[in-house]
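I have placed the structure first, in the form of structure tokens, so that the comments after it can refer back to it.
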Amino acid sequence: MRKTGRRGAGEQPVEGQPRLPLKELIWESLYQTVLQAGLVFVLEVLEAEREVVCGPRYRHDTEREAHRAGHVGSSLVLGGRRVAVRRPRVRTVDGREVDLPSWMAWSGEDPLNERAVEQMVLGVSTRRYARSLEPLPEPMEESGTSKSSVSRRFIQGTEKKLAELMSRDLSGLDLVAIYIDGLHFHGHVVVVAVGVTSEGKKVVLGLWEGATENAATCKALLEDLGDRGLRTDRALLVVIDGSKALAKAVKAIFGARALIQRCQVHKVRNVVDQLSKEKQESVKSTMNQAYRTTDSARSKQLLENLARSLEREHPGAAASLREGLEETLTVKGLGLSGTLERTFSTTNLAENLNGNVRQTSQRVKRWRGGLMILRWCAAGMLDAEKHFRRVRGHKEMPKLVEALRAHDAELDGNVTPNSAVIAA
């Protein structure tokens, strides 16, 4: 009968059973052990590649095209910094340096740039970058973690992200809606465009910097999107804030194909800001009630009644309410469900994206020109895009697609005018 239980202190391990290096595990952390083992592996791979190029060591070969050239002090990318190593060298018979493939991949700047961007987006300052990294074992020497080095790599990394964003091919996207909104940075404005596909997926389309949120800036952005494949020959729902300039630019590019939806939240805010405190709450409640009404004609009637009631004592508020009123009710005429209608009734989707950019850049104390602003915006937006979900009410997206195609057919004269689209 086999005995079970704990083995005595003097007993030997069973033959074939792995013996754990208990002493090493006690005195070295797992992280340090993995690092050191990894560096050994790196040097072994490099030596194997050198042997492929130069042939076996100590073997005479008259046809050899390259030979070993000892080792040289260098560094490779590891854990967000550069680590000093002695790398094997190879030279051709005429003295030219031969680059080993693995070394070229491991020593590149791109991983460092990506790490710098990631850390900065998460709120780590350049001064504290080194502290955010896992410590290295004492024998290892590191570099590339100084404030200036991290700042330089962040600039390179964000320039690359900005270039990637501004060169995206939009021709393959089945877009049905675009949100346009502006971000203000100390005398600069960045106009941002976010698209929604027919499946309800969100995608950052582009951005444009200008002195103000005017028609010229927005038009330049839309023209850039068109140059990259955005279709302007079919109907599109365009959600904007209360800016007349944005509406003007959208109409200039899309013409009658654009169904403009002005943000209801902005409209309420613009009207309420022109009222006395005693009036603000009741007017706000009345407007919200009108916008919650499912019937487009009924909503319009309630808002017009409110404008008439304000006209004598608050003519400015009444004029603000009437300006672009029908464009705040566009989605109500498209036959959308309550959830999807609310999604496209405001610019909240774009505002949430802009909020991520503000949070990302809140540590910046001094903005040095428009290019720096664009780099930070691109970094924040692409980081937010990684976590995008489909829009709320996305299951009802076919209704929006159907309404847009009906609008196209009406403009092309192929069908009798659709009452739902006319209401829009």
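Here the range 100-120 is the region considered, the condition is being in contact (Cβ under 8 Å) with a residue 24 or more places away in the chain and small (G, A, S), and the residue that is farthest from S143 (Cα to Cα) is S102. With respect to (1) over 27 Å from S167 (Cα atoms); (2) in contact (Cβ under 8 Å) with a residue 40 or more places away in the chain; (3) out of contact with any Ser or Thr (no Cβ under 7 Å at 6 or more places or on another chain); (4) in a helix (DSSP H, G or I), the lone exception for A406 is condition (2).
Is it the case, given these coordinates, that E313 is within 30 Å of Q274 (Cβ to Cβ), at pLDDT 90 or above and not in a helix (DSSP H, G or I)? Here the answer is yes, as E313 does meet what is asked. Among the numbered criteria (1) under 30 Å from D224 (Cβ atoms); (2) β-branched (V, I, T); (3) over 32 Å from the mean Cα position of the chain (by Cα), which single criterion is violated by I260? The number of the failed condition is (3).
Check the range 262-275 and report whether any residue there is crowded, with 21+ Cβ neighbours inside 10 Å and under 16 Å from V194 (Cβ atoms).
Step one: of the range 262-275, the residues crowded, with 21+ Cβ neighbours inside 10 Å are 262-264, 267-268, 271.
Then drop every residue that is not under 16 Å from V194 (Cβ atoms), which leaves 263.
Scanning the range 262-275, I find at least one residue that is crowded, with 21+ Cβ neighbours inside 10 Å and under 16 Å from V194 (Cβ atoms), so the answer is yes.
Scanning the range 212-227 for residues that are in a loop (DSSP other than H, G, I, E, B) and buried (at least 16 other Cβ atoms within 10 Å of the Cβ) returns E213, N214.
Tell me whether the range 186-198 contains one or more residues that are crowded, with 17+ Cβ neighbours inside 10 Å, over 17 Å from the mean Cα position of the chain (by Cα) and either closer than 28 Å to V391 by Cβ or not aromatic (F, W, Y) (or both). Checking the range 186-198: at least one residue is crowded, with 17+ Cβ neighbours inside 10 Å, over 17 Å from the mean Cα position of the chain (by Cα) and either closer than 28 Å to V391 by Cβ or not aromatic (F, W, Y) (or both). Is it the case that I253 is under 38 Å from the mean Cα position of the chain (by Cα), β-branched (V, I, T), under 24 Å from L173 (Cα atoms) and in a helix (DSSP H, G or I)? Yes.
Can you say whether K332 is surrounded by 17 or more Cβ atoms within 10 Å (Cβ to Cβ), of a type outside the set (D, E), in contact with an Asp or Glu (Cβ under 7 Å, 6 or more places away or on another chain) and at pLDDT 90 or above, as far as the supplied structure shows?
Numbers: surrounded by 17 or more Cβ atoms within 10 Å (Cβ to Cβ): yes; of a type outside the set (D, E): yes; in contact with an Asp or Glu (Cβ under 7 Å, 6 or more places away or on another chain): yes; at pLDDT 90 or above: yes.
So K332 passes the test.
In this structure, does G95 turn out to be in contact (Cβ under 8 Å) with a residue 60 or more places away in the chain, surrounded by fewer than 18 Cβ atoms within 10 Å (Cβ to Cβ) and in the same structural domain as R152 (by TED's automatic domain parsing)? For G95, the condition - in contact (Cβ under 8 Å) with a residue 60 or more places away in the chain, surrounded by fewer than 18 Cβ atoms within 10 Å (Cβ to Cβ) and in the same structural domain as R152 (by TED's automatic domain parsing) - is not met. Taking the conditions (1) part of a loop (DSSP other than H, G, I, E, B); (2) in contact with a His (Cβ under 8 Å, 6 or more places away or on another chain) in turn, G95 satisfies each one other than (2).
What do you reckon, is L382 outside any loop (DSSP other than H, G, I, E, B), within 28 Å of the chain's Cα centre (by Cα) and over 21 Å from S296 (Cα atoms)?
yes
Within the range 321-344, does at least one residue satisfy the condition of being of a type outside the set (V, I, T), in contact with a Lys or Arg (Cβ under 9 Å, 6 or more places away or on another chain), assigned by TED's automatic domain parsing to the domain that holds A193 and more than 30 Å from G200 (Cβ to Cβ)? Yes, the range 321-344 contains at least one residue that is of a type outside the set (V, I, T), in contact with a Lys or Arg (Cβ under 9 Å, 6 or more places away or on another chain), assigned by TED's automatic domain parsing to the domain that holds A193 and more than 30 Å from G200 (Cβ to Cβ). For E213, the conditions (1) touching a helix residue (DSSP H, G or I) at 6+ places or on another chain (Cβ under 6 Å); (2) touching a residue at least 12 places away in the same chain (Cβ under 8 Å) are fulfilled apart from (1). Scanning the range 404-424 turns up no residue that is of a type in the set (S, T, Y), surrounded by 13 or more Cβ atoms within 10 Å (Cβ to Cβ) and assigned by TED's automatic domain parsing to the domain that holds K244.
Which is touching a helix residue (DSSP H, G or I) at 6+ places or on another chain (Cβ under 9 Å), part of a strand (DSSP E or B), modelled with pLDDT of 80 or more and in the same structural domain as A105 (by TED's automatic domain parsing), of V77, V42?
Numbers: V42 fails: part of a strand (DSSP E or B).
V77 is the lone residue from the list that is touching a helix residue (DSSP H, G or I) at 6+ places or on another chain (Cβ under 9 Å), part of a strand (DSSP E or B), modelled with pLDDT of 80 or more and in the same structural domain as A105 (by TED's automatic domain parsing).
When you scan the range 56-70, do you find a residue that is modelled with pLDDT of 85 or more and closer than 30 Å to E159 by Cα, even just one? No - not one qualifying residue is present in the range 56-70. If we keep just the residues of the range 137-154 that are under 27 Å from W376 (Cβ atoms) and exposed (fewer than 13 other Cβ atoms within 10 Å of the Cβ), which is modelled with the highest pLDDT? Residue satisfying both the conditions and the ranking: S148.
The values are calculated or read from the model by the stated rules, or taken from the named source; none is laboratory data. Small disclaimer: the values here were computed from a predicted structure and weren't measured. Note that we place each Cβ from the backbone using ideal geometry, even for glycine, and neighbour counts take in every protein chain shown.
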